[in-house]
Each structure stands twice: as structure tokens, then as C-alpha cells.
Amino acid sequence: MQLPGKDKASPLGKSPGWPRAIGLAIIAISLLALHTVARGQQSAATEDQVKAAYLLNFAKLAEWPRSALPEGPSALVIGISGGGEDFLAAVKAVVAGKIAGTHPLQVKAVNSTEEMKSCQIVFFGASEKRRIQAAIEGIAQTGVLLVGEDDSFLRQGGMINLVRDHGTIHFEVNSEALDRSEIRFSAKILALAKSGSGSAHSAVSTSSDEESRTDAARQEGGRRVEHRVPPEYPEIAERMKLAGTVQVEALVRPDGTVREVRVVGGHPLLVDALVRAVRQWKYQAAPKETVETVKFTFVPQ
């Protein structure tokens, strides 16, 4: 099945029905297990924090139709339906001060379909199981990414479902519903996730064994980097001891400044750190704009 991605647009359907046969494209982006310690103690990264990090990175990696998210400084809103006050607080803490492109991120509780229509992402907690079907039908518009955490969520027309399996949070995708939403994720990101088979390491694309043992940025192209800013290890990834290689392409102006950074591949919880760093790099001057490839492997201490 063709996965949704900006590399190839998919035809739109007419209803959020259950995909026929094995129509679900199950995308297992595997995180490290949530290491639970003795009863009464906190885990290295709580399940709420991991799910909140996923929501943050869905916001950063997705491409919305302009009708749903116009260019400019308008806010990208993540609505939370159910999940409890603790989960809402966890998402707000993870998202605080973050932006997706030019859009500041906002998090709010939503209780009605009208409130959901003003969001770009709506997360449905498991406690909302009985209301999900009606809510999804009530939204009935493109440009709202519907994320849940219940086994029946995708059957009800949801787009992305966060699931826990043997202590690890994965996500699975209803590709037909995602196609209809006109929201696009890079096909290379989804293909990378699909290759994962149970650990964060296996879900990461690397070009060689040697590359996976180094945390140095590797730049491939004809222009020398004159000023390099190292990426900061994302806090949630560091707490989870998450390792992996990220690859991006930098569009570099003739004066050496970076105009744009495109994600080629890498774990969703790691890619933004390299993108933010490379945007600050300065290359040697050149007669024309060029595309430079950068790879960086994050290795927990």
C-alpha cells in the first residue's frame, strides 16, 4: 500500500470508513521501553511524556493544507479531549515555547466538535471511547490530524493511534483516513518507521556500522562549513536513552547562510534538534545556491 507522504499525493476518499481487508498501514516507530522501577518511583520517561513528545513531533513533521494552516505566525493548536488533567499538563509542559515552522504551538482542552474544528491536531484519550465516533463525524473536514490511544480508534476513522506493547509506545496509521485529511508526512519518514521492529536502534536509518558509533556531524557536499552549531540532545530522548542517526538537506545561499533545511530521515524525536542546529550553520561562499547533506548520530551518554 502506498503510504501518505509529500513525495506522492494520494487520491481522496469520501468517508472515514474502516479500510478494507488489511488496509491499515501499521507504522511502528519504536521507542525504548519505558523502564519501570520499583513501585512508587518514577520511570525514566513517563508514558504521558512520551505521548506528549509524539504530539509535538507530529506537529513539527506534518504538512497541513494552507486552508487549515495558512502561512505566517498563526498558532498551531493541539486540542486534548479526555486523558485527564495530568496528561494535559504533560503536553503543555513538553510543548511550552515550541514552534512548528513559523507557527507557535498551543495546547488546550476541547470538549465539543466546534472547539475541535479550531485545532490542527486533536488527541482523544481512551476515556472518550464512546464519544470518538460522533466527534470524528462531527469534525468532517480536512486539515485536522486525529490522534488517539484506543484499540478501536482507527476503526472509527482516526488517523494515528498511539499504542503500548511490552512497555514500548508505537504508533499505527490509518493511511486512508490520513490521505483524506490532506495532511502529509514525508514518505521517507514513514518508510523509516515501517522498518523498525522493536527497538529504537532498529527504527533508525544508518549508512554504516561506523556511522552509528559516532556522534559527529557528517556533511556531504562541495562547500565547507565555516561555522557549525552542534545539535542539542532532546531532553525526552536523552531521558529515554534514545540513539539514532538523522539526515537532512540544507539549501545554502551563495553567501553561505542556510535558507531551508529539509528532513530526509531519522527518528521523529530526534530530527528537530538537527534541523534547528543546521539552520544556524554558515558555509563558505559560492557562486550559486547549493544543497548540502548533513548526517548526525545521537548517542546517549
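Between Val147, Val163, the distinction of being under 14 Å from the mean Cα position of the chain (by Cα) and not assigned by TED's automatic domain parsing to the domain that holds Val263 belongs to Val147 only.
Have a look at Ile169, Ile160, Ile136, Ile132 and point out the one that is crowded, with 21+ Cβ neighbours inside 10 Å, free of Cβ contacts under 8 Å to residues at least 40 places away in the same chain and of a type in the set (Val, Ile, Thr). Explain how you work it out, then say what you get.
Details: Ile169 fails: free of Cβ contacts under 8 Å to residues at least 40 places away in the same chain; Ile160 fails: free of Cβ contacts under 8 Å to residues at least 40 places away in the same chain; Ile136 fails: free of Cβ contacts under 8 Å to residues at least 40 places away in the same chain.
Going through Ile169, Ile160, Ile136, Ile132 in turn, just one is crowded, with 21+ Cβ neighbours inside 10 Å, free of Cβ contacts under 8 Å to residues at least 40 places away in the same chain and of a type in the set (Val, Ile, Thr): Ile132.
Listed by first and then second residue, the pairs with beta-carbon distance under 7 Å, at least 6 apart or on different chains, first residue in region 64-86 and at pLDDT below 90 and crowded, with 21+ Cβ neighbours inside 10 Å, second acidic (Asp, Glu) and not in a loop (DSSP other than H, G, I, E, B), are Gly82/Glu128.
Within region 208-226, is even one residue surrounded by 18 or more Cβ atoms within 10 Å (Cβ to Cβ) and at pLDDT 85 or above? Checked region 208-226: at least one residue is surrounded by 18 or more Cβ atoms within 10 Å (Cβ to Cβ) and at pLDDT 85 or above. Could we say that Lys129 is of a type in the set (Lys, Arg) and within 30 Å of Gly72 (Cα to Cα) here? Taking the combined requirement at face value, the residue does not satisfy it.
Of all the criteria given as (1) modelled with pLDDT of 85 or more; (2) touching a Ser or Thr at 6+ places or on another chain (Cβ under 7 Å), the one not satisfied by Thr142 is (1). Selection within region 267-301: residues that are small (Gly, Ala, Ser) and modelled with pLDDT of 90 or more. The member of this set that is nearest to the chain's Cα centre (by Cα) is Ala277.
Condition check ((1) basic (Lys, Arg); (2) touching a Leu at 6+ places or on another chain (Cβ under 8 Å); (3) over 19 Å from Glu172 (Cβ atoms)) across all residues:
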{"site": "Phe58", "(1), (2), (3)": "no, yes, no"}
{"site": "Ala89", "(1), (2), (3)": "no, no, yes"}
{"site": "Lys117", "(1), (2), (3)": "yes, no, yes"}
{"site": "Arg130", "(1), (2), (3)": "yes, no, yes"}
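The values are calculated or read from the model by the stated rules, or taken from the named source; none is laboratory data. Worth saying up front: this structure is predicted, and the values here are computed from it rather than measured. Heads up, the Cβs are rebuilt from the backbone with ideal geometry, glycines too, and the neighbour counts pull from every protein chain shown.
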